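Please read the structure below before turning to the comments.
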Amino acid sequence: MMPVVDRPTIASRPRTLVVVLDSDLTATLLDPTGAVVAGPARAELPVAAEPEVVLKLLWSLVETLEEYDRTTFVIHPSPSLAAGWDVIEPLLATQSMRPVRVVRAAELVALPVIHGLGTEMVLTLGPTFGAALFVGGREVVMDLGAHPFRKKATYADYVGGNAWAKQGRKKWNKRVHRVLGVVLEVFKPDRLFLTGRDASTVSGELPANVSIVPDRSLEAALAVWS
């Protein structure tokens, strides 16, 4: 007699649910090639959202999508998030009965970009400012966005969020170049990559070791399983 299977099996060509926890919660379903099958579905987060509350919202989003085989859960560190996110992986794995990988957003954005040699930095310019530092391909965890930069403004305040809209393209670009000058002097990376929603609007001459690259974090959400 065949045993009862109470847990989904992993397909030979698995679909991946990519959940991004930022200022809101989004869920996108990818096929094995990285193409979007469904979503993104979005939900607003309450202030200081606890993991259990986020998971309850997530299930309401999943109901609008199709079947999936595994989950990549992406966390953007934010003051609005409560502590205790180390529990999200076992909680989500138990509730979904599917494999789960939890990854920091800065690391995910950087994975398809870095060479894995020397000192490299990735700055994400967009709704959330992100910074990731890698030495020999290994991440040095930091939260640069929360550090003071100028006139009581943090790095995230200065060039992230809605700074582009508030300052306008010309003034915002001056801010970006000012940030680059400080970051290059302090960290002295061999290579620095700019990515994210607003990176394509950066203008002016960039240092030889700075380049603008497309955001390929959805591809990286699959790569964490390889």
- Note on the structure: If exposed means GluC sites (Glu not before Pro) lying in a DSSP loop and surrounded by at most 14 other beta carbons within 10 Å, then the longest stretch of the chain lacking such sites spans residues 68-204
- the chain - convex hull of alpha carbons, volume per residue in Å³: 141 Å³
- Item | trypsin sites (Lys or Arg not before Pro) within region 53-162: DSSP coil, no more than 14 neighbouring Cβ in 10 Å | K151, K152
- Rounded to the nearest 10, the angle in degrees between the Cα long axis of helix 51-62 and the longest principal axis of the Cα atoms of the chain comes to 70 degrees
- Which of the lysines could a cross-linker bridge to K152, judged by Cα under 20 Å and excluding same-chain residues fewer than eight apart? K166, K171, K174
- Note on the structure: Nearest-0.05 FRET efficiency for D31 and L91 at R0 = 22 Å, using Cβ-Cβ distance, is 0.25
- Task: Kindly provide the Kirkwood hydrodynamic radius of region 114-223 in Å, to one decimal, from all pairs of distinct alpha carbon atoms.
- Result: 14.2 Å
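What percentage of all Cα-Cα pairs in region 16-98 are separated by more than 16 Å?
In whole percent, the share of Cα-Cα pairs in region 16-98 beyond 16 Å is 47.
Quick note: the coordinates plus some simple rules give every number you see, no bench work behind them. All of these numbers come straight from a predicted model, not from anything done at the bench. So basically every Cβ, Gly included, is an ideal-geometry build from the backbone, and we count neighbours across all protein chains shown.
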